[in-house]
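Peer 1: Below is one structure. I have some questions about it.
The values are calculated or read from the model by the stated rules, or taken from the named source; none is laboratory data. These figures come from a predicted structure and were not determined experimentally. Neighbour counts run over all protein chains shown; Cβ positions are idealised from the backbone, glycine included.
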Amino acid sequence: MATTAPAGFSLVLTENKLLRLLTLLLFYFTQGFPVGLFFYAVPTWMAANGSGTAEIASVVGISALPWSLKIINGFLIDRYTFLPMGRRRVWIIGAQGCIVLALLAGAVAYPEASDVMLLSVLGFAANAAVTFQDVGIDSLAVDIMPEEERAHAGGVMGGAQLIGIAATTAVGGWLLASYGIAVCLTIAGIVPGLVMLYGVVIRERPGERQLPWTSGTSHPRNLDIQVEAWWPLLKNSFRAIVMPISLLFVPLILARAVPWGGFEAFHPVLFQETGGWELTEYTSFISTMGFIAGVLGLVAGGWLVEKIGAQRTVVYCLLVGMVAMTAMGFAQDHWSDSRVLVGFMVAMELMQIFYFIAGITMAMRLCSPAVAATQFTIYMASGNFGRPMGAWLAAETAGAGNPQWFYWSLAATWAVVLVIAVLVTFPGENRAQHEVAEGLPQGEGPAPRVN
């Protein structure tokens, strides 16, 4: 088997492994900004200013909605692009710019904590921009990551996003409490702006343009697999998704996000009203926990998932999470004890990061390169339906005065999915990727070294 040649200093992704991982790290890190703000910092700020579970659930649910609708993004990104700049980069740069604009627009709008509709609109707009960036980065990873780098890539993606969420939750919570939402959103727009400039500098493959008006040409590999009409794209995507193994994978990816949509809606109220925590205590705890989980994902997540196996990792996470949520429902009389709250959230955060990394690895293996953006996005969008479902579940159970049923309902959901994860055998590698690579003159990804 050919090995990858050691790359010198190159700003071309297919020629530089470290650059590939750095690109995933930076863009996934900035994905955490709107998530940290509108799923954690802003809901906690609202709770501290008198908003209830139902109002917070509205903001969280609407902010999460673009993540469920991003299947549309995948079709658009696979169908339309500017190949001289690569298949994905023009979308990534444009989406990153829209993240910055959405945050700055929020700073100008200056909503109050009681402005549920305005906060929901801002959360929707910022997260809509992130979903285009997310689809672009995900499909770029499927395009350029060799099989042996994919588990490591999943660790970088999951870890970087959690670190971004943690940083934004901590700093955003402090800025909201100390200076208000205008300052918070203005400062939050700076880092994504710098990462957008980084995206301008790099290239996907040799010979491509950095910007539309610079010199460069489309790479032959991209010309070979680009789908130039809607019907083949829709047909190939449908064929890939309706395979039995693909349909059975969807519940696994969907179930991961359900608890977190509910936690984001209910836990600001639980921790502050029942647990007696202050706003900054809660945001600091969430950010610290997310940061530690993110570092764990970056350093060891991909390696550990590769050693254990992606599917086996999902089984273990489902089992531990199901037990933890069942126990949390029965422990209602002890919810005022911070040790119970902290212990539960630490256990669930660990399950979250490893489930995420394993799920990404499994999804990549199921994807066909020609429709990678669409197919991978369908999986991720299916998963992201879990967040508004979780927020709705929190409103219907905890918001209606039955919080213990919130945790029992989550545990029952994971129990059903656990049966699928145990009984179904999912692929251990992506044969479709290899088949396409074998049919191209130079294969896919980094050029092989001649031994």
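Peer 1: Name the one entry in VAL201, VAL295, VAL242 that is surrounded by fewer than 20 Cβ atoms within 10 Å (Cβ to Cβ) and modelled with pLDDT of 85 or more. Let's see the steps before the verdict.
Peer 2: Details: VAL295 fails: modelled with pLDDT of 85 or more; VAL242 fails: modelled with pLDDT of 85 or more.
Selected residue: VAL201, the only one of VAL201, VAL295, VAL242 that is surrounded by fewer than 20 Cβ atoms within 10 Å (Cβ to Cβ) and modelled with pLDDT of 85 or more.
Peer 1: Hey, among the residues in the stretch 86-96 that are in a helix (DSSP H, G or I) and out of contact with any Gly (no Cβ under 8 Å at 6 or more places or on another chain), which one's nearest to GLN31 (Cα to Cα)?
Peer 2: Checked the stretch 86-96; the qualifying residue nearest to GLN31 (Cα to Cα) is GLY94.
Peer 1: Continuing with this model, one more query. For the stretch 398-422, which residues satisfy the criterion of being surrounded by 22 or more Cβ atoms within 10 Å (Cβ to Cβ) and farther than 19 Å from TYR316 by Cα?
Peer 2: ALA398, GLY399, PHE406
Peer 1: Could you tell me which residue of the stretch 133-153 is modelled with the highest pLDDT, considering only residues that are of a type in the set (Val, Ile, Thr), out of contact with any Leu (no Cβ under 6 Å at 6 or more places or on another chain) and farther than 14 Å from LEU25 by Cα?
Peer 2: VAL135
For (1) touching an Asp or Glu at 6+ places or on another chain (Cβ under 8 Å); (2) within 30 Å of TRP213 (Cβ to Cβ); (3) buried (at least 24 other Cβ atoms within 10 Å of the Cβ), each residue gets a yes or a no:
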position: LEU13; (1), (2), (3): yes, yes, yes
position: LEU22; (1), (2), (3): no, yes, no
position: GLY36; (1), (2), (3): no, no, yes
position: GLN96; (1), (2), (3): no, yes, yes
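Peer 1: Does TYR110 qualify as being surrounded by 24 or more Cβ atoms within 10 Å (Cβ to Cβ), aromatic (Phe, Trp, Tyr) and either under 25 Å from THR23 (Cα atoms) or modelled with pLDDT under 90 (or both)?
Peer 2: Spelling it out, it is not the case that TYR110 is surrounded by 24 or more Cβ atoms within 10 Å (Cβ to Cβ), aromatic (Phe, Trp, Tyr) and either under 25 Å from THR23 (Cα atoms) or modelled with pLDDT under 90 (or both).
Peer 1: Also, quick follow-up: So, in the stretch 49-82, of the ones that are surrounded by 23 or more Cβ atoms within 10 Å (Cβ to Cβ) and of a type in the set (A, V, I, L, M), which residue ends up farthest from PHE266 (Cα to Cα)?
Peer 2: Per the criteria, the residue is ILE77.
Peer 1: Would you mind listing the helices (runs of 4 or more DSSP H) fully within the stretch 353-424 where at least 1 residues are modelled with pLDDT of 85 or more, of a type in the set (Val, Ile, Thr) and farther than 18 Å from GLY74 by Cβ?
Peer 2: 403-423
Peer 1: Here is a check on your reading of the model: is LEU298 touching a Phe, Trp or Tyr at 6+ places or on another chain (Cβ under 6 Å) and part of a helix (DSSP H, G or I)? Working first, answer last.
Peer 2: Details: touching a Phe, Trp or Tyr at 6+ places or on another chain (Cβ under 6 Å): no; part of a helix (DSSP H, G or I): yes.
So LEU298 fails the test.
Peer 1: What residue, among those in the stretch 300-329 that are over 20 Å from LEU341 (Cβ atoms) and hydroxyl-bearing (Ser, Thr, Tyr), is surrounded by the fewest Cβ atoms within 10 Å (Cβ to Cβ)?
Peer 2: Result: TYR316.
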